[in-house]
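Q: Have a look at this one before I ask anything.
The values are calculated or read from the model by the stated rules, or taken from the named source; none is laboratory data. Please read all numbers here as calculations on a predicted model, not as lab measurements. Quick reminder, even Gly has a Cβ in these numbers, built from the backbone with ideal geometry, and neighbours come from all protein chains shown. Each accessible area value is taken on the protein alone, full model and side chains, heavy atoms only, with ligands, DNA and RNA left out. Shrake-Rupley method; radii C 1.70, N 1.55, O 1.52, S 1.80 Å.
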Amino acid sequence: MSRIGKFPIPLPDGVQVSVSDDNVVTVKGKLGELHQPIDTQIQVKKEDGSIVLERTSETKEIKSKHGLYRALIANMVQGVTEGFTIVQELVGVGYKAEVKGQVLELSLGFSHNVVFEMPEEVKVEAITERGKSPTITLRSIDKQLVGQVAAKIRSLRKPEPYKGKGIRYKGEYIRKKAGKAAAEK
């Protein structure tokens, strides 16, 4: 039995889960609605205010998908009730972030500004305070989408190991290397 797949997913009040004939799980909550296609070998059942996933065969492929689909559905339930937030900070002299509708404009030390268009499902907010690094806050009900967008933004200017300049997640630790001067001593 899958260690993760066997745990039931508790359903908070106001969350509705339905499974269509073509095995698509739909989760509705106060923040929105999410859909996830599920393998036909895995059955989704509602029992006593929770969701339980059971597999119909014991093949290696289906065993590996059991925990995956349980985690995906648990993330959907959490997303429609609370949502997901990722905060990133821009560390570097002259680095700026500006939001214009669903477009994020970043000044990252290149010869031009980087324009990043956001998906409709992701809400973005840029905060610039005097004396602190600018921060970008991403919010969405879809954990996969908000994580992918955050990774794409980070890839525009990854933190470098000498001064730590770049885009990093809030609280991320960057291991710094000793520079050329430290190597000579």
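Q: Among the residues of segment 47-65, is there at least one that is open to solvent by 80 Å² or more (accessible area, probe 1.4 Å), free of Cβ contacts under 8 Å to residues at least 60 places away in the same chain, in a strand (DSSP E or B) and within 30 Å of Glu120 (Cβ to Cβ)?
A: No, segment 47-65 contains no residue that is open to solvent by 80 Å² or more (accessible area, probe 1.4 Å), free of Cβ contacts under 8 Å to residues at least 60 places away in the same chain, in a strand (DSSP E or B) and within 30 Å of Glu120 (Cβ to Cβ).
Q: Here is a follow-up. Which members of segment 87-115 meet the condition of being open to solvent by 20 Å² or more (accessible area, probe 1.4 Å), within 21 Å of Glu160 (Cβ to Cβ) and aliphatic (A, V, I, L, M)?
A: Step one: of segment 87-115, the residues open to solvent by 20 Å² or more (accessible area, probe 1.4 Å) are 87, 89, 91-94, 96, 98-103, 105, 107, 109-115.
Keeping just the survivors that are within 21 Å of Glu160 (Cβ to Cβ) gives 87, 89, 91-94, 96, 107, 109-114.
Hits for segment 87-115 are Val87, Val91, Val93, Val114.
Q: Filter segment 68-86 down to residues that are touching a strand residue (DSSP E or B) at 6+ places or on another chain (Cβ under 9 Å) and of a type in the set (Gly, Ala, Ser) and give me whichever is least open to solvent (accessible area, probe 1.4 Å). Show your work before the answer.
A: First, pick out the residues of segment 68-86 that are touching a strand residue (DSSP E or B) at 6+ places or on another chain (Cβ under 9 Å): 69-70, 72-80, 83-86.
If we keep only those that are of a type in the set (Gly, Ala, Ser) too, we end up with 74, 79, 83.
Working: Ala74: 24, Gly79: 0, Gly83: 18 Å².
The selected residue is Gly79.
Q: Restricting to segment 27-46, what's the tally of residues that are in contact (Cβ under 8 Å) with a residue 40 or more places away in the chain and either hydrophobic (A, V, I, L, M, F, W, C) or in contact with a Cys (Cβ under 6 Å, 6 or more places away or on another chain) (or both)? Working first, answer last.
A: So in segment 27-46, the residues in contact (Cβ under 8 Å) with a residue 40 or more places away in the chain come out as 27-34, 36.
If we keep only those that are either hydrophobic (A, V, I, L, M, F, W, C) or in contact with a Cys (Cβ under 6 Å, 6 or more places away or on another chain) (or both) too, we end up with 27, 31, 34.
Going through segment 27-46 one residue at a time, the tally reaches 3.
Q: Let me spell it out: the conditions are (1) more than 25 Å from Leu72 (Cα to Cα); (2) open to solvent by less than 50 Å² (accessible area, probe 1.4 Å), and Met118 meets all of them except one. Which number is the exception?
A: The single condition Met118 does not satisfy is (1).
Q: Using beta carbons and a limit of 8 Å, which pairs, at least six apart or on different chains, have the first residue in segment 2-26 and within 18 Å of Ile141 (Cβ to Cβ) and the second one assigned to a loop (DSSP other than H, G, I, E, B) and open to solvent by 100 Å² or more (accessible area, probe 1.4 Å)?
A: Within 8 Å, the pairs are Gly14/Lys30.
Q: Restricting the search to segment 54-99, which residues are of a type in the set (Lys, Arg) and either within 15 Å of the chain's Cα centre (by Cα) or closer than 17 Å to Thr135 by Cβ (or both)?
A: Answer for segment 54-99, where residues must be of a type in the set (Lys, Arg) and either within 15 Å of the chain's Cα centre (by Cα) or closer than 17 Å to Thr135 by Cβ (or both): just Lys96.
Q: Now, a different point. Residues of segment 138-185 being outside any loop (DSSP other than H, G, I, E, B), over 23 Å from Phe110 (Cβ atoms) and within 17 Å of the chain's Cα centre (by Cα), which ones? I'd like the intermediate steps shown before the answer.
A: The initial filter retains those residues of segment 138-185 that are outside any loop (DSSP other than H, G, I, E, B), namely 138-140, 143-155, 166-169, 180-184.
Still in the running and over 23 Å from Phe110 (Cβ atoms): 139-140, 143-147, 180-184.
Those that are outside any loop (DSSP other than H, G, I, E, B), over 23 Å from Phe110 (Cβ atoms) and within 17 Å of the chain's Cα centre (by Cα): Arg139, Ser140, Lys143, Gln144, Leu145, Val146, Gly147.
Q: Tally the residues that are open to solvent by 100 Å² or more (accessible area, probe 1.4 Å) and more than 16 Å from Tyr95 (Cβ to Cβ), restricting the search to segment 121-135.
A: Taking segment 121-135 and keeping what is open to solvent by 100 Å² or more (accessible area, probe 1.4 Å), we get 121, 123, 130, 132.
Add one more test, that the residue is more than 16 Å from Tyr95 (Cβ to Cβ), and what stays is 121, 123.
The qualifying residues number 2.
Q: For segment 78-110, which residues satisfy the criterion of being in a strand (DSSP E or B) and free of Cβ contacts under 8 Å to residues at least 40 places away in the same chain? I'd like the intermediate steps shown before the answer.
A: Step one: list which residues in segment 78-110 are in a strand (DSSP E or B), which gives 84-91, 96-100, 103-107.
Selection gives Lys96, Ala97, Glu98, Val99, Lys100, Val103, Glu105, Ser107.
Q: Still on this structure: Of the residues Ile42, Ile62, Ile38, which is more than 23 Å from Phe84 (Cα to Cα) and touching a Phe, Trp or Tyr at 6+ places or on another chain (Cβ under 6 Å)?
A: On the way: Ile62 fails: touching a Phe, Trp or Tyr at 6+ places or on another chain (Cβ under 6 Å); Ile38 fails: more than 23 Å from Phe84 (Cα to Cα).
The unique qualifying residue is Ile42.
Q: Still on this structure, please answer the following. Quick check: anything in segment 26-37 over 23 Å from the mean Cα position of the chain (by Cα) and loosely packed, with under 15 Cβ neighbours inside 10 Å? Can you show your working first?
A: Let us first name the residues in segment 26-37 that are over 23 Å from the mean Cα position of the chain (by Cα), namely none.
Looking through segment 26-37, none of the residues is over 23 Å from the mean Cα position of the chain (by Cα) and loosely packed, with under 15 Cβ neighbours inside 10 Å.
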